[in-house]
1. Can you name every residue in the range 487-531 that is part of a loop (DSSP other than H, G, I, E, B), open to solvent by 30 Å² or more (accessible area, probe 1.4 Å) and farther than 24 Å from Arg359 by Cα?
2. Of all residues in the range 73-88, count the ones that are free of Cβ contacts under 8 Å to residues at least 60 places away in the same chain and of a type in the set (S, T, N, Q).
3. Can you confirm whether the range 227-244 contains a residue that is assigned to a loop (DSSP other than H, G, I, E, B) and open to solvent by 50 Å² or more (accessible area, probe 1.4 Å)?
4. Among the numbered criteria (1) within 20 Å of the chain's Cα centre (by Cα); (2) free of Cβ contacts under 8 Å to residues at least 60 places away in the same chain, which single criterion is violated by Leu158?
5. For the range 135-148, indicate whether the set of residues that are polar (S, T, N, Q) and either part of a strand (DSSP E or B) or touching a residue at least 40 places away in the same chain (Cβ under 8 Å) (or both) is non-empty.
6. Run His78 past the list (1) open to solvent by 20 Å² or more (accessible area, probe 1.4 Å); (2) in a helix (DSSP H, G or I); (3) in contact with a helix residue (DSSP H, G or I) (Cβ under 6 Å, 6 or more places away or on another chain); (4) farther than 28 Å from Ala190 by Cα and report the number of the one that doesn't hold.
7. Could you please find all residues in the range 216-237 being over 20 Å from the mean Cα position of the chain (by Cα), over 21 Å from Met316 (Cβ atoms) and small (Gly, Ala, Ser)?
8. What are the residue pairs meeting all of these: first residue in the range 44-67, first residue over 12 Å from Leu34 (Cβ atoms), second residue among the aliphatic types (A, V, I, L, M) and open to solvent by 10 Å² or more (accessible area, probe 1.4 Å), Cβ atoms under 6 Å, and 6 or more apart or on different chains?
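The values are calculated or read from the model by the stated rules, or taken from the named source; none is laboratory data. Note that this is a predicted model, so its numbers are computed, not measured. Cβ placement follows ideal geometry from the backbone for every residue including glycine, while neighbour counts extend to all protein chains displayed. Ligands, DNA and RNA are excluded from the accessible area calculation, which covers all protein heavy atoms including side chains. Shrake-Rupley method; radii C 1.70, N 1.55, O 1.52, S 1.80 Å.
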Amino acid sequence: MEGMSQAALLFEPDSYCTDDFPLMGRRVAGEQFLAAWLNYAHHADWQIVTAKTASFDLFRQLHARLGGAGDVQWVHPHHLGRVGSSGSLFLPGPMLADWARARHSFGAHAFSVCGITHTIASHKVIDNLAAMLHEPVMPWDALICTSRAVRDAVITLLESQAEYLHARLGAVRWSLPHLPVIPLGVDHAAFQFTHAERQAARRQLGFDESVCVLLFVGRLSFHCKAHPLPMQRALGEAMRQTGRAAALLELGWFANRNQERAFAEGAHAFCPQAQYRVLDGRKAEESHLAWAAADIFCSLADSIQESFGLTPIEAMAAGLPVVVSDWNGYRDTVRDGLDGFLIPVTMPPSGMGNYFAKRYSSGVDNFDYYCGNSSQFIAVDTGACVEAIAKLLQDAELRQRMGENGRQHSKTQFDWPVVLAHYSRLWEKLAEQRQTAAQEAPISPSPVPTRQDPYRLFSSYTPRKFGTDTQVVLAQNVRSDSVMLRQKMHYVQPFIEVLPNAQFCQDLITDLQQLGGSAPVARLMAEKPERLHGEVLMAVASMVKLDILRLVSPVPSL
């Protein structure tokens, strides 16, 4: 990629290295981005912004090891104005406000600031995003949004903050950055496996030819990644419907023993006939085995913590058909019916999540519990997942066709040279705009914190919402004690404080049975006092989450 536009790089190991830090999506993305940039971008000079000698020395080592071209120059934040020779400062996160403020003493036209979104649900990130309205962020700055859903969430936040500042201070003028949507990239070549490699991996893992291997990759966390119940239950039902032998292979890592017990408990409860294996995603050799051995990839992300999702584009690069939730960045990368299947996800309407926002804001809950609490009412359509997995289990030709479609899609849209070209064009555009701008950056007011209902802020993560006119029906094999039993499961227990009372839920089931087994939510509300109508909505959402109730399509969008 000769001639790629350059940018200075804000570098700290925490954002680009996975060896010495807990493995997280943003670090994996940062590490892969840096390796690709060093490999494909050939420049005369590299400007590295850091206050630490050790960080600069580490970058020089990475530069030499990964074959980077050109010289490496250290820019201390005290001398940030020197970044102007590169044109832009690239941040490994979304903290534009902080660095626009740092730039201000050097002049608003000194260089452009360009950040990128990863998780945007935490208070730290939300506060910094909102601060773009009152810090000296300029029109020649940019925040790269990795998905349309993330961009919509950022716009929702900025609109809310603008309304607040207007009401509080009469503010009417805003200087906003570009919000381009550019996906994360994948090293396409790293996911190509020969037939012999695939056969060897399956033998080593103990999977014979009759077994169809369903693979999940990522943090094994039921509260901040993907609740395993829909995948486990769908695989079990699909195996029963098709009579096909299958295995559930999970490549990842558990934060603690409780998470590990919860996943094993769910697999035993909902797909006991499937072989169940867990490999350590932090080990390269085990990652290689998992990707090479798989037949189908599945990831049903349902947490507001997730924003893009690298693993579906990695799966497509590996030639696997994908079954993923119609959620956040997955909605941009996977083409339903071509590369695999997008499984509908339903979120409660705006207003129902203020309770969780207040608990997080007041310190009752930390970020993990904020994500976990809100995800308890976000439900993946298990029935649709059963149908998708069943189709793939019994149709090898479909698996082959969708896998090849995905491989080509990944190569043309998400391979690193393609993605880096988007970065280069963006930096050129910012430079042109900055160089022709004449107006000095204004001095803005102090930050104002913001807290929002997650179901409003992240409303665009799914097109499906349910409301009072949504029809619900009992799921298959619901027992009289299903609510109580499922609320006792390990991956439900941590959120019992915010879940509706089991008896209240059971009373709703009784009401539904008396109404013939199916009714609109409004009809269930009519059986309760008006003061309990909100609780009815949340109870329905939680029971859809646990696959005790199911929504009857079509579900209206609000």
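1. Answer for the range 487-531, where residues must be part of a loop (DSSP other than H, G, I, E, B), open to solvent by 30 Å² or more (accessible area, probe 1.4 Å) and farther than 24 Å from Arg359 by Cα: Leu515, Gly516, Glu527, Lys528, Pro529.
2. 2
3. yes
4. Every condition holds for Leu158 apart from (1).
5. Taking every residue of the range 135-148 in turn, at least one turns out to be polar (S, T, N, Q) and either part of a strand (DSSP E or B) or touching a residue at least 40 places away in the same chain (Cβ under 8 Å) (or both).
6. (3)
7. Gly236
8. The qualifying pairs are Val49/Leu10; Arg60/Val72.
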